[in-house]
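The values are calculated or read from the model by the stated rules, or taken from the named source; none is laboratory data. Because the structure is a prediction, the values reported are computed rather than measured. Cβ coordinates were reconstructed from backbone atoms using ideal geometry, including for glycine residues, and neighbour counts include every protein chain displayed. Accessible surface is based on the protein model in full, side chains and every heavy atom, while ligands, DNA and RNA are left aside. Shrake-Rupley method; radii C 1.70, N 1.55, O 1.52, S 1.80 Å.
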Amino acid sequence: MVVRRPPGRRAQILAVAADRFHRSGYHQVSMTEVAAGVGITAPALYRHFRGKPELLDRAVRLGLDALADGLRAAGTTAELGAALAAVAVGHRPLGTLVQRDARLLPPARRAELRRELRRDVAMMTAVLRAERAELAAADAELICWSALSGCAGLSYQSAAPQPRRAEALLRELVAAVLAVSLDGTAAGPGAPAVPQPRPRARREELLAAAVRLFHQRGFDNVSTDQLGAAVGISGPSVYRHFDSKAHLLAASLVRSRERLWHEVDGAIATADGPRAALAAGLGAYVDFALRNGDYLGAMLSETERLDPPDRRVAVDFRRDFLRTWVGLLRQVRPEEDAVTARIRVHALFSLVNDGVRNRPHSARPDLGDCLRRLGRAVLGVWE
């Protein structure tokens, strides 16, 4: 008897894999878990895909193909917004897969992924400049990257919002971002940089080096020898300061979280009224991101590599941080409910976190001012 495979089995597998990677992180998901989610055995899964790397690659490719198809059909900025919103809702894991997990793909595939995204942004830029001829090419590209990143923020919602509602709001956010003017942006941070504490000991130097290396290369690709070399000691000497590499990762993220909370909450607490507090918090977050892009990248990509107790602490911090912003935004925009406010705040974080690490725009001397303007657009607040 011939056993026929159900139609669309590969698509079903990719959907389950994308969802599992999105929710738990690539390293925490096994092929057996993906197979169970589809209702097949692991050997049957291997008849479709050679392994997890191929699953991740195909899941990312599926979402990016949908994005490119939607953008190719868009001839106006309104249609760009509709395309971005539809992909963000219909392929909700795509944001985390691209921003967090795609760095685990082979170098050649990562380079191709980046080229695909650049082609997508080039299509968006052409449409935007056709409607806004006054925009310089670099400004139009930054605006389009920001619209794309803002929509990717939907991936970080803990619960999927109602699709039609989410699409409508994302279309509104994209329209607001694409309408932002970058004329007269000022170079340099809008507020004095908070002095960084001078390293008091080798331990402090290791914490700073760990954040940088874990973000740039990934936890599994950084050895203790490399960590030691970054601060001028031998690899085994790292264990004089930290019991393990996992302990060093946890401590480095804790230190960075403390600084983030101190700077942003301090700016919010000293402001006069909710609107001023929101503006101060936005400015502080952008300033922190400009100086600590490695931490924001490591927080996004390496939290899953923490031991379970440390991971829970990191997740609780992110929830509390998000709750603070949602509550503040709702004071400024009381007509919006918590779901809408969360979508806006996630869009802000994604836009800023990508913006400070997205070359060549990350080298703009006026990037801080640009990100503050774009951030106000996704939050729906204006000076």
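Structure above, values below:
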item	result
Pairs with Cβ under 9 Å, 6+ apart, first in region 153-177 and under 15 Å from Ala341 (Cα atoms), second open to solvent by 70 Å² or more (accessible area, probe 1.4 Å) and among the basic types (Lys, Arg)	Tyr156/Arg318; Gln157/Arg342; Ser158/Arg319; Ser158/Arg342; Pro161/Arg342
Members of region 136-149 found to be open to solvent by 40 Å² or more (accessible area, probe 1.4 Å) and assigned to a helix (DSSP H, G or I), listed by number	Ala137, Ala138, Glu141
Qualifying residue in region 142-164 (condition: at pLDDT 95 or above and in contact with a Cys (Cβ under 7 Å, 6 or more places away or on another chain))	yes
Hey, Leu173 modelled with pLDDT of 95 or more, out of contact with any Leu (no Cβ under 8 Å at 6 or more places or on another chain), buried (at least 23 other Cβ atoms within 10 Å of the Cβ) and not hydroxyl-bearing (Ser, Thr, Tyr) or not	yes
Pair list, Cβ under 6 Å, 6 or more apart: region 117-145 residue among the basic types (Lys, Arg), other residue part of a helix (DSSP H, G or I)	Arg129/Ala140
Test result for Leu351, of a type in the set (A, V, I, L, M, F, W, C) and within 16 Å of Ser181 (Cβ to Cβ)	no
Matching residues in region 220-233 - criterion: being surrounded by 14 or more Cβ atoms within 10 Å (Cβ to Cβ) and part of a loop (DSSP other than H, G, I, E, B)	Val222, Ser223, Val231, Ile233
Among (1) under 17 Å from Ser155 (Cα atoms); (2) touching a helix residue (DSSP H, G or I) at 6+ places or on another chain (Cβ under 6 Å), the one test that Val98 misses	(2)
Some residue of region 47-68 being part of a helix (DSSP H, G or I) and among the aromatic types (Phe, Trp, Tyr)	no
Any pair with Cβ under 8 angstrom, 6 or more apart, that starts in region 277-302 at a residue that is in contact (Cβ under 8 Å) with a residue 24 or more places away in the chain and ends at one that is open to solvent by less than 10 Å² (accessible area, probe 1.4 Å) and of a type in the set (Val, Ile, Thr)	Gly281/Val264; Ala284/Val264; Tyr285/Val264; Tyr285/Val352; Val286/Val352; Phe288/Val264; Ala289/Val352
Filter pass, Leu67 being surrounded by 22 or more Cβ atoms within 10 Å (Cβ to Cβ), more than 12 Å from Ile13 (Cβ to Cβ) and either touching a residue at least 12 places away in the same chain (Cβ under 8 Å) or in contact with a His (Cβ under 6 Å, 6 or more places away or on another chain) (or both)	yes
Qualifying positions in region 32-46 - assigned to a helix (DSSP H, G or I) and either touching a residue at least 24 places away in the same chain (Cβ under 8 Å) or crowded, with 18+ Cβ neighbours inside 10 Å (or both)	Val34, Ala35, Val38, Leu45
Filter result (of a type in the set (Asp, Glu), open to solvent by 40 Å² or more (accessible area, probe 1.4 Å) and assigned to a helix (DSSP H, G or I)) within region 79-135	Glu79, Glu112, Glu131
